[in-house]
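Pasting in a structure now, in structure tokens, and then I'll have a few things to ask.
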Amino acid sequence: MKKIIVPIDFSKHSEYAIKVAAKLAKKNNAQILALHMLEISDILLTKSDSEQQLKAIYFLKLAEQKFESFIKKDYLKGVSITPIVKNFKVFSEVNDVAKEHDADLIVMGSHGASGVKEFFVGSNTERVVRNADVPVLVVKNDIANPNFETVVFATNFDEECINPYIKATKLFDKFGAILKLLYINLPNEHFRSSVEIEKRIAVFLQKADGNLNKINDVAYQADYSVEHGIINYSNKIGADLIAIPTHGRKGVSHFFAGSIGEDIVNHASLPVITFKI
């Protein structure tokens, strides 16, 4: 991990995110790209191009001044930070910055489903998750020790989830984390017997790892919805992080029907990290 993008709106939630990013950066000798999305198009309601340019310069300078103050934190000492100010209109463009700088991870703060209409409210977080090609780590609280020792990777063990699983395994091996694989069994058309689940998991692990060494790290949770099953199991075992594979723009896989993956990002009190399928 060499570069971590942190969207910043100077709120306490973006500070939660940059705190976590700082600790990850120190562990991995990585650089933080602090991104502020300045929506100038919504601010400038002027009559002439010259006035627009002057106001644009003013808001850019104001953002730069806020950055200087924002990054003067003790926990950021020794961390390489590059402030980036962009005039964006849609949150999907965070992924463009990630591609441009070859970033490995996006860490962002979120109010979740609180309904507070600020920078990272629900739908905006979802847009970044939906469009990002790199993993997105979403945090909602001030995490004192983001070691992520126990991680729940929720999957339906479809073949398309192998690549996200491999990416997650490599990432969490670097963290020294214990990765718990989780299958949610639902009382509907997706219900499977224990034998069916075991066969499915064995095929998945054989293709992904070339062995069945992690077969004992798989847990089954019966619940009325995937979202509740993942959150309930994660809370039950005291997990530090929830990991989810997602199709992004194409919508989550049929296992995460509708927008379950994004709902978990919104509703889980634990940090959530997504991996693009």
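Does I84 satisfy being of a type in the set (A, V, I, L, M, F, W, C) and either modelled with pLDDT of 90 or more or surrounded by 20 or more Cβ atoms within 10 Å (Cβ to Cβ) (or both)? Break it down stepwise before answering.
On the way: of a type in the set (A, V, I, L, M, F, W, C): yes; either modelled with pLDDT of 90 or more or surrounded by 20 or more Cβ atoms within 10 Å (Cβ to Cβ) (or both): no.
When the stated conditions are applied, I84 does not pass them.
To continue, here is another question. Output the residues belonging to segment 8-21 that are touching a helix residue (DSSP H, G or I) at 6+ places or on another chain (Cβ under 9 Å), crowded, with 24+ Cβ neighbours inside 10 Å and within 8 Å of G109 (Cα to Cα). Break it down into steps so the answer makes sense when it comes.
If we filter segment 8-21 for residues that are touching a helix residue (DSSP H, G or I) at 6+ places or on another chain (Cβ under 9 Å), which is where we start, we get 8, 10, 14-15, 18-19.
Then keep just the ones that are crowded, with 24+ Cβ neighbours inside 10 Å; that gives 8, 14, 18.
The answer is S14, and nothing else.
Is it true that some residue in segment 142-150 is in contact (Cβ under 8 Å) with a residue 40 or more places away in the chain and surrounded by 19 or more Cβ atoms within 10 Å (Cβ to Cβ)?
Within segment 142-150, one or more residues are in contact (Cβ under 8 Å) with a residue 40 or more places away in the chain and surrounded by 19 or more Cβ atoms within 10 Å (Cβ to Cβ).
Enumerate the helices (runs of 4 or more DSSP H) found wholly within segment 188-277, keeping only those where 3 or more residues are more than 28 Å from D133 (Cβ to Cβ) and at pLDDT 90 or above.
Working: elements: 194-209, 226-237, 260-267.
Hits in segment 188-277: 194-209, 226-237.
Tell me, yes or no, whether segment 174-183 has at least one residue that is touching a residue at least 60 places away in the same chain (Cβ under 8 Å), crowded, with 19+ Cβ neighbours inside 10 Å, within 25 Å of the chain's Cα centre (by Cα) and under 16 Å from I264 (Cβ atoms).
no
Let me ask something else. Suppose we filter K207, K214, K199, K170 for residues that are of a type in the set (K, R), free of Cβ contacts under 8 Å to residues at least 24 places away in the same chain and more than 17 Å from L241 (Cα to Cα); which single one remains? Can you show your working first?
Details: K207 fails: free of Cβ contacts under 8 Å to residues at least 24 places away in the same chain; K214 fails: free of Cβ contacts under 8 Å to residues at least 24 places away in the same chain; K170 fails: more than 17 Å from L241 (Cα to Cα).
Sole residue among the options that is of a type in the set (K, R), free of Cβ contacts under 8 Å to residues at least 24 places away in the same chain and more than 17 Å from L241 (Cα to Cα): K199.
The values are calculated or read from the model by the stated rules, or taken from the named source; none is laboratory data. The model shown is predicted, which means the values in this text are computed figures rather than measured ones. All Cβ positions, glycine included, derive from the backbone under ideal geometry; neighbour counts span all protein chains shown.
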